[in-house]
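> Structure provided below as structure tokens; questions to follow.
The values are calculated or read from the model by the stated rules, or taken from the named source; none is laboratory data. What you see is a predicted model; the values in this text were computed from it and never measured. Quick reminder, even Gly has a Cβ in these numbers, built from the backbone with ideal geometry, and neighbours come from all protein chains shown. Remember, those area values only see protein heavy atoms, side chains included, never the ligands or the DNA or RNA. Shrake-Rupley method; radii C 1.70, N 1.55, O 1.52, S 1.80 Å.
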Amino acid sequence: MSKYSNLLNEQVKEALESYIIEHGLTAGDALPSERVLAENLGVNRLTVRAAIKRLRNEHRINTLHGKGNFIAPPKIMESTSKMESFTAGWSNDGYTPTSKLLAMDEREAPLSICYQLGISLGDKVIFLNRVRYLNGEPIALESTYLPSKLVPGILCHNFEKESLYAVLESEYNLRLMRQEETISICHMSKAQSRHLNAKEGDPAFLINGLSFDGDSPFEYCTTINPADRYALSSTMTPDTKSNQ
């Protein structure tokens with residue numbers, strides 16, 4: 001594709017974004033047909049189609065074959081600067097969080113989990129696998145590992161109904177003081193996509209997190225979030241020390 005074509009596609013994409021804003025289109029509203037948009041913008045339909053494809057790849061437009069192009073629902077936005085439990089954090093933001101328990105058991109920790117949690121090979125961990133929902137929409141698939149020696153008797157709890165962090169604090173005196181997270185992009189497996197109402201191979205955020213009480217890690221968690229429904233935001237400030 002030529003440099004001119006790329007520039008034209010970008011201009012048409014910006015024009016479509018302006019059209020959406022100026023006409024106050026919201027989730028579920030239909031865009032005019034490609035023919036009408038091409039006439040209004042003074043370009044050919046192939047250029048309009050390429051711009052719509054870019055918006056669709058950004059999950060801002062949904063295309064229903066035979067029906068047209070529609071504004072996609074807004075993504076659920078999570079701030080990386082907040083350090084709260086899933087239940088408390090999203091409840092404070094006005095959502096209704098719920099969970100579905102897929103698995104909960106005690107097992108021998110694999111080497112990679114031992115390394116993360118600072119435990120010995122052969123030590124046992126509590127494994128929790130849950131689908132997390134916001135307002136009934138599946139938004140996360142979580143796999144959580146806790147050193148068994150820190151949480152004796154925890155398997156008697158129902159973590160479809162109870163908050164894990166609330167139980168850890170109230171019964172085991174484990175309080176979330178610090179979190180370290182690594183965020184990357186992955187493509188969902190068939191099993192993951194089934195739980196998240198997505199398609200195999202769809203893009204997702206993969207978040208690997210380690211939770212600390214003081215200097216000691218007490219939880220390692222991997223989370224899959226579908227990229228078409230979920231986004232991360234951050235607020236950064238200058239490092240005053242480095243500017244001195």
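> Which whole-number percent of Cα pairs in the stretch 153-212 have a distance greater than 15 Å?
Percentage above 15 Å: 66.
> Rounded to the nearest 500, what is the chain's calculated 222 nm mean residue ellipticity when only DSSP H runs of at least 4 contribute -39500 (n - 2.57) each, over all residues? Present the calculation step by step, with values, prior to reporting the outcome.
Details: 7 runs with 70 residues, N = 244.
Dividing the helical sum by the residues of the chain leaves -8500 deg cm²/dmol.
> What's the local net charge at Leu55, with K and R +1, D and E -1, over the other residues with C-beta under 10 Å away?
Every neighbour counted, the sum reads +3.
> Charges on Cβ only, +1 for Lys and Arg, -1 for Asp and Glu, centred on the Cα centroid of the chain; of Gln11, Ala204, Ile139, which one is farthest towards the dipole's positive end?
Looking along the dipole axis, the top candidate is Gln11.
> Based on the Cα gyration tensor of the stretch 17-104, what are the three equivalent ellipsoid semi-axes, each the root of five times an eigenvalue, rounded to whole Å and given largest first? Intermediate results must be reported in sequence, preceding the final value.
Numbers: eigenvalues 266, 44, 27 Å².
Sorted largest first and rounded, they come to 36, 15, 12 Å.
> Let me ask you something else. Multiply the residue separation of Ile21 and Asn44 by 0.36 nm, subtract the distance between their alpha-carbon atoms, and state the gained length in nm to one decimal. Could the numbers behind the result be given before it?
Values: separation 23, 0.36 × 23 = 8.28 nm, distance 2.23 nm.
In short, 6.0 nm is gained.
> Moving on to the next point. Give Lys53/Lys75; Lys67/Lys190; Lys100/Lys190; Lys161/Lys199; Lys13/Lys67; Lys75/Lys100 a once-over and call out the pairs whose C-alpha atoms are over 25 Å from each other.
In this structure, Lys67/Lys190; Lys161/Lys199 exceed 25 Å between Cα atoms.
> Taking all protein chains in place and a 1.4 Å probe, what share, in percent, of the accessible surface of the stretch 158-244 do carbon and sulfur account for? Let's see the in-between values first.
On the way: 2490 of 5270 Å².
It is 47 percent, rounded to a whole number.
> I want to check the label-to-label distance for Ser233 and Arg194. Put each point 7 Å from Cα in the C-beta direction and report it in nm to one decimal.
3.6
> In nm, to one decimal, how far is the modelled label at Arg56 from the one at Leu155, with both set 7 Å along Cα→Cβ?
My value for the distance between the label points is 4.9 nm.
> Using the beta-carbon distance between Gln179 and His65 and R0 = 51 Å, what value does 1/(1 + (r/R0)^6) give for FRET efficiency, to the nearest 0.05?
Working: r = 42 Å, r/R0 = 0.83.
In this case the efficiency is close to 0.75.
> Membrane-span-like helices in the chain: DSSP H runs reaching 24 Å or more (Cα, own axis), mean Kyte hydropathy at least 0.5?
Both cut-offs are met by no helix.
> Mind jotting down a quarter of the surface of the convex hull over the alpha carbons of the chain, in square nanometres, one decimal? Mind showing how you got there, number by number?
Values: hull surface 73.9 nm².
Approximately 18.5 nm², given one-decimal rounding.
> Tell me, what % of the accessible area of the stretch 96-152 is carbon and sulfur with a 1.4 angstrom probe? Don't skip to the end; give the middle numbers.
On the way: 1310 of 2640 Å².
The value for the stretch 96-152 is 49 percent carbon and sulfur by accessible area.
> Near the amide H of His59, under 5 Å away, which other amide H atoms are found, from residues 5 or more places off or on another chain, if H is placed in the peptide plane?
none
> Kindly report the accessible area of the chain per residue (heavy atoms of protein chains, probe 1.4 Å, no ligands, DNA or RNA), in Å².
Per-residue accessible area for the chain comes out at 58 Å².
> Leaving out ligands, DNA and RNA, what percent of the accessible area of the stretch 1-77 is carbon and sulfur, probe 1.4 Å?
54
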